[in-house]
Structure formats: C-alpha cells, structure tokens
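Reading through the structure tokens given below for one structure.
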Amino acid sequence: MSAWVIRGLVMAVLHGVALTVLAKYAVYHPTDQTLPVSLALAVLVGAAALWSALDAWRGLPDRGRVWFISALIAGPVAGILYVIGRAVFVDQTGVSELGGALTGGAAFSALLVLIPAGLGLFVGGRIGRSPEPEPESGEEAREVPSPRPRRVRPPSREPRG
C-alpha cells in the first residue's frame with residue numbers, strides 16, 4: 001500500500017474520531033468546550049507534525065508529495081467519517097450535513113494535516129542523525145580503501161618539443 005494512503009486514512013480516522021468525540025462532549029457540556037477543543041487540536045497537529053518529522057528524519061523519498069496527497073485524502077474522508085460518527089453516536093445527523101462536512105470541514109481537516117506536516121518535514125529534515133563515532137585521541141583515523149583501484153597513467157614517451 002502506498003505511503004500516502006496509509007497516512008491519509010490514519011489521519012482521516014484520527015480527525016473523524018476527534019470531531020465526533022467533540023460533538024458528543026458538546027451535547028453534555030455545551031458551554032465548557034475550550035479545553036477539549038484545544039486538546040483535540042493539539043493532538044491532531046502533534047500527530048501530523050511528529051509523523052512527518054519522522055518521515056523527514058528517516059529520509060522517506062518524495063515525502064512532500066506523500067504528505068500533500070495524504071492531506072487531500074484526509075480532508076474529505078474525515079468529513080464523511082464525522083457525519084457517520086455523529087449520526088451513529090450523537091444525534092442521528094442526516095445526509096444534509098454531508099455538504100458542509102465535504103466543503104468547509106474537509107478543507108479545515110486538510111489544512112490541519114498539511115500545515116503541521118510541512119512544519120514537521122522542515123524540522124525533521126534539519127535534525128541530524130547521530131554522527132559516526134570519532135576515533136579516540138590516541139588512535140589515528142584510517143583511510144577506507146576505495147572499491148576500485150585507481151589507474152595510474154604511464155608517463156608519455158613522446159619527446160616534448
């Protein structure tokens with residue numbers, strides 16, 4: 001399976017679950033939503049940033065395109081999962097909510113994946129891996145032999161003139 005499919009679907013499920021949990025919480029605590037919304041945003045942003053930073057640190061090829069496509073996948077799929085989750089677990093929401101979830105909600109979810117992923121790719125690419133251990137002070141650095149011997153050109157026998 002492609003890397004963008006896995007990342008896109010995992011981020012979509014994470015966003016869909018978070019939005020459904022926030023909707024369920026809003027039913028029982030309609031005036032006290034600041035802390036849960038802040039925590040949910042922190043988890044969603046942190047997941048995308050950390051995962052993309054690990055991809056950059058590991059040197060995943062074509063990682064920028066992978067995360068861009070993942071964000072495009074995560075947005076609409078998260079919107080669909082949110083409508084399904086809200087219909088099943090919260091308030092029997094109907095198909096009428098699908099339009100808003102696939103436009104504004106999908107765009108917000110896509111940006112909530114894309115922007116932290118871009119930041120994570122930037123930071124992860126700057127974090128260096130641990131360097132090779134340097135020789136101790138008493139030891140000299142040894143040269144590693146090249147895989148092919150070098151050819152030495154014989155001196156020219158033609159007279160210079």
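Applied to the range 82-89, the Karplus parametrisation 6.51 cos²θ - 1.76 cosθ + 1.60 on θ = phi - 60° returns per-residue 3J(HN,Hα) values of 5, 5, 5, x, 5, 5, 7, 9 Hz, with x for Gly and Pro. Converting phi to 3J(HN,Hα) with the Karplus coefficients 6.51, -1.76 and 1.60 and the offset θ = phi - 60°, the range 57-69 yields 5, 6, x, 4, x, 6, 5, x, 5, 4, 6, 5, 5 Hz in sequence order, with x at every glycine or proline. Each of L41 and V10 was given a label point 7 Å from its Cα along the Cα-to-Cβ line. The distance between the two points is 2.5 nm. In order along the range 44-52, the Karplus-derived 3J(HN,Hα) couplings, from 6.51 cos²θ - 1.76 cosθ + 1.60 at θ = phi - 60°, round to 5, 5, x, 5, 5, 5, 5, 5, 5 Hz, and Gly and Pro are given as x. Which shape class applies to the range 46-88: rounded if a/c is under 1.5, otherwise prolate when a/b exceeds b/c and oblate if not, where a ≥ b ≥ c are the square roots of the Cα gyration tensor eigenvalues? Prolate shape, in that a/c is at least 1.5 and a/b is the bigger ratio. Residue separation of I80 and H29 scaled by 0.36 nm, minus their Cα-Cα distance, works out to 15.9 nm of gained length.
Coordinate-derived values only; no laboratory data. Note that the structure is a prediction, hence the values are computed from the model and not measured. Because the Cβ atoms are built from the backbone with ideal geometry, glycine has one as well, and the counts that use them run over all protein chains shown.
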